[in-house]
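Before any comments, here is the structure.
What follows draws every value from the coordinates through simple rules; no lab data is involved. Computed from a prediction, not measured in an experiment: that's the story for all the values here. Using ideal geometry, Cβ is built from the backbone for each residue, glycine included, and neighbour counts are taken over all protein chains shown.
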């Protein structure tokens, strides 16, 4: 199900305000404009705008990608809509009221490029930024002062590890995510006692990270690993 429709259903049926994850990969400029106008008319406001990963990284590698614009371009488009203008500068009547957010990666292999792109996203009108999963506090501490002058609130991504295999996969196979050796060692020791012990340790590590970043960032986003919502709730003390 598309994120826009899922967000609308959640808001209408459950009454929880959503942040809709929108990727530039799947539609051309006209399709994205249509989606956004429909979202605005439906009452959706919060967007997390990302460029999107190539389809070959997902379960449908034969699908094609569009990428008319990237996250910077779409943030610019949303800002124009908020000023009542379409991409051609024509009035759309009543301006939209979107709150556009963007992604940012403190662990990017090319940090200088990441910082440049973040500066452009801030200039384009980003209202908040959500990081990739944070496991290395020192890395986050080195990153935050370099983006503070943009005035964009940072929301730290928190990923509860569910197993040693999960930790090793993130550490070795997912570009742009750093899992420190100390975290891997903790998961390795816990896994000796079984799957439940490893999961408990992963939740504990996530809770420690939430506590550690709380005073450093504007908020946290706790992932539901492998769709396991109960794990995210446990991290948050629920």
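Here are some conditions: (1) buried (at least 18 other Cβ atoms within 10 Å of the Cβ); (2) under 18 Å from the mean Cα position of the chain (by Cα); (3) assigned to a loop (DSSP other than H, G, I, E, B). Residue 162 meets all but one. Which one does it not meet?
(2)
Residue 81 fails exactly one of the following numbered conditions: (1) surrounded by 19 or more Cβ atoms within 10 Å (Cβ to Cβ); (2) assigned to a loop (DSSP other than H, G, I, E, B). What is the number of that condition?
(2)
Select from the range 133-150 the residues that are in contact (Cβ under 8 Å) with a residue 40 or more places away in the chain and crowded, with 20+ Cβ neighbours inside 10 Å and write down the one among them that is nearest to residue 41 (Cα to Cα).
So in the range 133-150, the residues in contact (Cβ under 8 Å) with a residue 40 or more places away in the chain come out as 133-137, 140-141, 144, 147.
Subsequent filtering for residues that are crowded, with 20+ Cβ neighbours inside 10 Å retains 133-135, 140.
Values: 133: 32, 134: 35, 135: 39, 140: 38 Å.
Going through the qualifying residues, I end up with 133.
Based on what the data block shows, is residue 171 in contact (Cβ under 8 Å) with a residue 12 or more places away in the chain and either crowded, with 17+ Cβ neighbours inside 10 Å or under 19 Å from the mean Cα position of the chain (by Cα) (or both)? Explain how you work it out, then say what you get.
Values: in contact (Cβ under 8 Å) with a residue 12 or more places away in the chain: yes; either crowded, with 17+ Cβ neighbours inside 10 Å or under 19 Å from the mean Cα position of the chain (by Cα) (or both): yes.
So residue 171 passes the test.
Among the residues of the range 120-129, is any over 27 Å from residue 29 (Cα atoms) and surrounded by fewer than 19 Cβ atoms within 10 Å (Cβ to Cβ)? Talk me through it step by step, then tell me what you get.
Start the filter on the range 120-129 by keeping residues that are over 27 Å from residue 29 (Cα atoms), which leaves none.
No.
Can you name the residue in the range 106-130 that is in contact (Cβ under 8 Å) with a residue 60 or more places away in the chain and outside any loop (DSSP other than H, G, I, E, B) and is also nearest to residue 205 (Cα to Cα) among such residues?
The selected residue is 130.
Would you call residue 97 part of a loop (DSSP other than H, G, I, E, B), in contact with a helix residue (DSSP H, G or I) (Cβ under 8 Å, 6 or more places away or on another chain) and more than 14 Å from residue 125 (Cβ to Cβ)?
Working: part of a loop (DSSP other than H, G, I, E, B): yes; in contact with a helix residue (DSSP H, G or I) (Cβ under 8 Å, 6 or more places away or on another chain): yes; more than 14 Å from residue 125 (Cβ to Cβ): no.
Against the criterion (part of a loop (DSSP other than H, G, I, E, B), in contact with a helix residue (DSSP H, G or I) (Cβ under 8 Å, 6 or more places away or on another chain) and more than 14 Å from residue 125 (Cβ to Cβ)), residue 97 does not qualify.
Quick check: is even one residue across the range 53-71 free of Cβ contacts under 8 Å to residues at least 60 places away in the same chain, touching a strand residue (DSSP E or B) at 6+ places or on another chain (Cβ under 8 Å), surrounded by 19 or more Cβ atoms within 10 Å (Cβ to Cβ) and under 27 Å from residue 219 (Cα atoms)?
Checked against the condition, which is being free of Cβ contacts under 8 Å to residues at least 60 places away in the same chain, touching a strand residue (DSSP E or B) at 6+ places or on another chain (Cβ under 8 Å), surrounded by 19 or more Cβ atoms within 10 Å (Cβ to Cβ) and under 27 Å from residue 219 (Cα atoms), the range 53-71 yields at least one hit.
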